[in-house]
Amino acid sequence: MKLTGKQFKSWDRKAITLLGMSGVGKTRLACILRKSHWFHYSCDYRIGTRYLDEVILDNIKLQAMQVPFLEELLRSDSIHIGNNLSIDNLKPLSSYLGKLGNPGQGGIGLGEFKHRQALHREAEIAAMNDVPKFIQKGFEIYGYDHFINDASGSLCELDDEQVINRLAEHTLIIYIKATEENEKALIERAESDPKPLYYRESFLDAQLDEYLKMKNLEYAALINPDEFVRWVFPRLFYARIPRYEAIANQYGYSISTKEIETVRNEKDFIRVITRVLDSQS
């Protein structure tokens, strides 16, 4: 969707998709707008509560069954395990996605890891295809004036043109591009606290092959999970940038993390986006 600043300001029922790497400020913006009657649609929340809820719970129960005390209570239906995933706490989802590597160090074998990655891709596509429905729901059922789609950082890696076309048809796509300073901060954060990530299979295969050769390892089960995430994150980060930019150039607009850092309320957000649209139209 392409708009001028004037068209955006006069848009009665605004609908925006925020695109960019995890950590650039998508969720912060969405939470700010949520206070001003915007419907906050979190892709990761939708994935975890609608499309991967059952497998997430099954994985948690599988781990619990390894503990004899908990096994007995679960078998007798004496306890109940529930998924407490929320927009502000997505750890159950990331824990299921997991990290590739040595199971003895908390890693997941290559076959199972790829299976979970494939399930995540399918779930993310489904969650993004749900956006038009939730735009309507947000207005008709919940009475929200506007809609903000807090997309996953991996949106650019789905390689599903229909998903991007649908988002562009129903929402204004805004790519939040990290400044050089923010890039460094994001990479440092990933190194200090490595988290599970989604990878395109072709990207994963190429990086895994390089890593195994560099470390002189025979197979993925020998990898230290955290060390691999620390090593691969910068490569993933820079591989995603041209993909984000291609989407923004064709379907939307780009804004820097420095510009969005000034946003404290809805009025600031409208002002910044209007300026970006006018400068890039």
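Here, each number is a calculation from the coordinates, and none is a lab measurement. Bear in mind the structure is a predicted one, so any value in this text is a computation, not a measurement. For neighbour counting, all protein chains shown are included, and Cβ atoms are generated from backbone atoms with ideal geometry for every residue, glycine included.
Here are some notes:
- Among Ile241, Pro68, Ile174 the positive-end extreme of the charge dipole of the stretch 17-273 (Cβ point charges): Ile174
- Cα-derived Rg to Rh of the chain, Kirkwood definition: 1.00
- Maximal additional length on extending the Arg166-Ile79 stretch stands at 27.0 nm, based on 0.36 nm per residue less the C-alpha distance.
- Rounded to the nearest whole angstrom, the semi-axes of the ellipsoid equivalent to the stretch 94-204, taken from the Cα gyration tensor as √(5λ), stand at 30, 19, 14, largest first.
- Extension gain for the segment Glu112 to Gln136, taken as residue separation times 0.36 nm less the Cα-Cα distance, is 4.9 nm to one decimal.
- Rg in Å to one decimal, and Dmax rounded to a whole Å, for the stretch 132-259 via C-alpha atoms: 17.9, 58
- Using the Cβ of Leu212 as centre and a radius below 14 Å, the other residues enclosed give a net charge of -3, where K and R count +1 and D and E count -1.
- Test item: Cα-centred dipole of the chain, Lys/Arg +1 and Asp/Glu -1 on Cβ, debye: 960 debye
- When every Cα-Cα distance of the stretch 193-257 is counted in 5 angstrom steps from zero, the calculated P(r) takes the values 3, 14, 23, 21, 15, 10, 7, 5, 2 percent.
- Geometric descriptor of the stretch 3-64, per residue, is 132 Å³ (volume of the convex hull of the Cα atoms).
- For the chain, the longest principal axis of the Cα atoms and the long axis of helix 161-170 meet at an angle of about 40 degrees.
- Under a 5 Å amide H cut-off, with hydrogens placed 1.01 Å from N, Tyr175 pairs with Leu19, Tyr253, Ser254, Ile255 among residues at least 5 apart or on other chains.
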